[in-house]
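Everything below concerns the one structure shown next.
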Amino acid sequence: MAVERRASAGRISLDMPVKFLKGVGEPRAELLGRLGIRKAGDLLWHVPHRYEDASTIMPIVAVEPGMDVTVMGRVVSKGVLPTRKGLRIFQAVIRDESGMIEASWPGQPFLDRSVEKEDVLLLTGPCRFFHGRQIVPREYVNLGRDDEGTAGGRVLAVYPATEGITARTLRYLVERHLDALLPLVVDYLPDPVRRAADVLPLADALRQVHRPATLAEAIAGRDRLSFDELFMVQLLQRRANAIAREARTGIRFERHRTLTTALKEALPFALTAAQMRAIRDIVADMCSPRRMHRLLQGDVGSGKTVVALFAALLAMENGFQSALMAPTELLAEQHLHSISKLLHPMGILPVMVTGSLSARSRREVDVRLQSTEPVLAIGTHALVQERTRFARLGLAIVDEQHRFGVEQRAALGEKGGAPDVLVMSATPIPRSLALTLYGDLDLTMLDERPPGRQPVTTVLRGESQRERVLQFVLSQVNAGRQAYIVYPVIEESEKIDLKAAVTAYETLSGGVFHGRRLALVHGRLPGDERDAAMRRFRDGAIDVLVATTVIEVGIDVPNATVMVVEHPERFGLSQLHQLRGRVGRGADASYCILLGDVFGESAARLHILADTDDGFEIARADLRLRGMGDLFGERQHGERTFRIADPLRDEAINARALRLATGMLEADPELRRPEHAGVKRVLQERYARALALFRVG
Ligand code: ADP
Ligand code: MG
């Protein structure tokens, strides 16, 4: 047996086109190509995205409403049902040896085309009672007709598939060629690195990933492959960062200590230790001959603005202009308001730059920006528009950077000469992850909040308590406080969501809050109407603001002490945390009430919010629960960097990758040593950017 395998393995190579593998052929080769499998060796790197092991599958007879289960069974009937509301539901009845159960996929009628009678389905999801037991799959895998299942208690690898090629076919192909391909694999990691990383040799890892005896084996295998991805990306990022840093000649500011010292003396509070550290980092950057490129991360309310202000004054006392860009006009206005107050004693008046300036004011602004006066410009994306020209921009600050697109963010740094760049974010993420995602930035964490802040009491309340919740809000209003009621309109184009907010607004105005001053704001309102309503709320002319998530950033109303969030289960945790940051800004006790389906599936998730006030913890939990897509989806990330690793799940591995990559580059910046040749080759094969960064020769 073994001898025969060797013999056929003699002709196989990792580099040969996949179509020459037995069982592939032209048509399949094309389909495999769509999955990125072109060479025989690519098959090894097409790793399962999940595993099922027999112990996790429940006999259908034992499934009860309220459980979250994984079952496997054959389709005995299927079809598409229309509902009264126009939603179409795909339903299938599946059977195993113990019994039958219905599965239901609302809004996915197209599944009718890919799921056939007799197919074996593996389903995971909650079971509910709806004319009988019904599973609503969160995930499913079609194993095809040929039910090999998890026979013999083996762990079943589930491969990412595509139209025309099933997970089962992939499993069959890998299984068939694994033994011939594995001996050809050469480990490219230097042994000391591999041991320091505490990961398996490559061939062992690949074997365990594809053919694990236990889930633990599969995970150990995957850890090695994850390490490799993270390590390679860290190498690229660190190297790119080092090169860019050297190449970024910038302004060399000097510490004149005129305006900055005046600000420190004028501040109505003492800076936190974290703020002082951040200011020190930034001042050091600005006073170096290189351009600053720094990300300042800090939770809502950690006091980022004042840190940015010190930077702006340092630029100003050197005779340079600075610009602070905010994502909305309202937020820009708020910055203008609070910053003007702080700068008033110094006789400095910032300039406002937004799209809604009158032609005349705009001309005045243009004149000031184009003079060499060292102004501080505060504004929206109007700051990066063509017509906005700075005579002497020395510092570009982007606030709430996750709200901007990549281009807009970059555009501010391209205004004027070569200004130093500071971007700020209130969605804090762990350091190794931040360096993976924003490798081109240096990082400062503001991990401390100003003292004396009252935590916001956060509670979960079900539908049955709605009346009591609203009465509580009314009592706060009667006591002279203000309130927010927030609706989840995730996509502002979702008419149904919007209608819910509008209807609720009408009901509330006529009902509990009859006679109070209410306003409704949502993303579909013209910007000026929206801002006008928010301004009235800020000025105390509105008691209850019914709003969609447009209020997420920025609005600062210390008299607002209560926030009700409707359908909290539809928000991400970080978003809820940001929303909650709108209350608790004054001296009064404040409340955040999550009202809706808070006892169902999302209970555990929502409890995290009730239990902690730490934005870092929340961001981490959120990323873990929802994956990175939501926070760093296409919008920010562009290409998909990781196929196997998940920088969050693999936080510890990523930290090791960061440390080892940094060490390798310190010893051998261009990877010229023979023992690093393997790593360099892999970089050049897998990452286009590597060519530019690690040229040969
Ligand atoms: P964020 O980091 O969310 O942008 P801000 O910069 O808006 O936070 O600051 C939130 C509030 O805290 C502001 O009212 C600000 O004046 C205040 N603040 C900032 N730093 C301190 C401090 N060291 N002590 C007390 N209050 C502070
Ligand atoms: Mg802020």
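The values are calculated or read from the model by the stated rules, or taken from the named source; none is laboratory data. If you're wondering where the values come from, they're calculated on a predicted model, not measured in any experiment. Glycine gets a Cβ as well: all are built from the backbone with ideal geometry, and neighbour counts include every protein chain shown.
If you go through the stretch 260-277 and keep only what is crowded, with 19+ Cβ neighbours inside 10 Å and without any contact (Cβ under 8 Å) to a residue 60 or more places away in the chain, you end up with just Thr260. Screening Gly572 against (1) buried (at least 23 other Cβ atoms within 10 Å of the Cβ); (2) at pLDDT below 85; (3) farther than 27 Å from Ser338 by Cβ leaves a single unmet condition, (1). Within the stretch 640-661, the set of residues being surrounded by fewer than 22 Cβ atoms within 10 Å (Cβ to Cβ) and closer than 16 Å to His46 by Cα comprises Arg640, Thr641, Phe642, Arg643, Ile644, Asp646. Could we say that Asp198 is at negative phi and surrounded by fewer than 19 Cβ atoms within 10 Å (Cβ to Cβ) here? Against the criterion (at negative phi and surrounded by fewer than 19 Cβ atoms within 10 Å (Cβ to Cβ)), Asp198 does not qualify.
For the stretch 377-395, the set of residues classified as at pLDDT 95 or above and within 16 Å of ligand 2 (Cβ to nearest atom) consists of Ile378, Gly379, listed by residue number. Looking only at the stretch 658-697, residues that are aromatic (Phe, Trp, Tyr) and touching an Asp or Glu at 6+ places or on another chain (Cβ under 8 Å) come to 1 in all. Sub-6 Å Cβ pairs linking a first residue in the stretch 299-314 that is more than 22 Å from Ser288 (Cβ to Cβ) to a second residue that is more than 11 Å from ligand 2 (Cβ to nearest atom) and at pLDDT 95 or above, at least 6 apart or interchain, are Gly303/Gln275, ordered by first then second residue. Ala92 passes every criterion in (1) small (Gly, Ala, Ser); (2) in contact with a helix residue (DSSP H, G or I) (Cβ under 9 Å, 6 or more places away or on another chain); (3) buried (at least 17 other Cβ atoms within 10 Å of the Cβ); (4) under 13 Å from Val69 (Cβ atoms) apart from (4). Quick one: which residue in Arg257, Arg290, Arg248, Arg280 is on the phi > 0 side of the Ramachandran plot, among the basic types (Lys, Arg), surrounded by fewer than 21 Cβ atoms within 10 Å (Cβ to Cβ) and more than 26 Å from the chain's Cα centre (by Cα)? Result of the check over Arg257, Arg290, Arg248, Arg280: Arg257. So, in the stretch 422-462, how many residues would count as being of a type in the set (Ser, Thr, Tyr) and within 16 Å of ligand 2 (Cβ to nearest atom)? Matching residues across the stretch 422-462 total 3.
Within the stretch 374-419, being more than 16 Å from ligand 1 (Cβ to nearest atom) and assigned to a helix (DSSP H, G or I) holds for His381, Ala382, Leu383, Val384, Val406, Glu407, Gln408, Arg409, Ala410, Ala411, Leu412, Gly413.
Looking at the stretch 58-119, the strands (runs of 3 or more DSSP E) lying wholly inside it that each contain 1 or more residues that are modelled with pLDDT of 90 or more and within 32 Å of the chain's Cα centre (by Cα) sit at 88-95, 100-106.
Please go through the stretch 382-395 and give me each residue that is touching a residue at least 40 places away in the same chain (Cβ under 8 Å) and either surrounded by 24 or more Cβ atoms within 10 Å (Cβ to Cβ) or among the acidic types (Asp, Glu) (or both), ordered by number. Don't jump to the end; show me each part of the working.
At the first step, the residues of the stretch 382-395 found to be touching a residue at least 40 places away in the same chain (Cβ under 8 Å) are 383-384, 390-395.
Those that are touching a residue at least 40 places away in the same chain (Cβ under 8 Å) and either surrounded by 24 or more Cβ atoms within 10 Å (Cβ to Cβ) or among the acidic types (Asp, Glu) (or both): Leu383, Leu393, Gly394, Leu395.
Only residues that are among the polar types (S, T, N, Q), more than 16 Å from ligand 2 (Cβ to nearest atom) and under 23 Å from the mean Cα position of the chain (by Cα) were counted across the stretch 521-579, and they come to 2.
Does the stretch 267-283 contain any residue that is away from ligand 1 (no atom under 15 Å from the Cβ), modelled with pLDDT of 95 or more and among the hydrophobic types (A, V, I, L, M, F, W, C)? Yes; the residues of the stretch 267-283 include at least one that is away from ligand 1 (no atom under 15 Å from the Cβ), modelled with pLDDT of 95 or more and among the hydrophobic types (A, V, I, L, M, F, W, C).
This table checks each residue for (1) surrounded by fewer than 19 Cβ atoms within 10 Å (Cβ to Cβ); (2) at pLDDT below 95.
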{"residue": "Ser358", "(1), (2)": "yes, yes"}
{"residue": "Glu373", "(1), (2)": "yes, yes"}
{"residue": "Ile397", "(1), (2)": "no, no"}
{"residue": "Gln401", "(1), (2)": "no, yes"}
{"residue": "Leu412", "(1), (2)": "no, yes"}
{"residue": "Pro419", "(1), (2)": "no, yes"}
{"residue": "Ser425", "(1), (2)": "no, yes"}
{"residue": "Pro428", "(1), (2)": "no, yes"}
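Screening Ala332 on (1) surrounded by fewer than 24 Cβ atoms within 10 Å (Cβ to Cβ); (2) of a type outside the set (D, E, K, R); (3) under 23 Å from Ala533 (Cβ atoms) shows it passes everything except condition (1).
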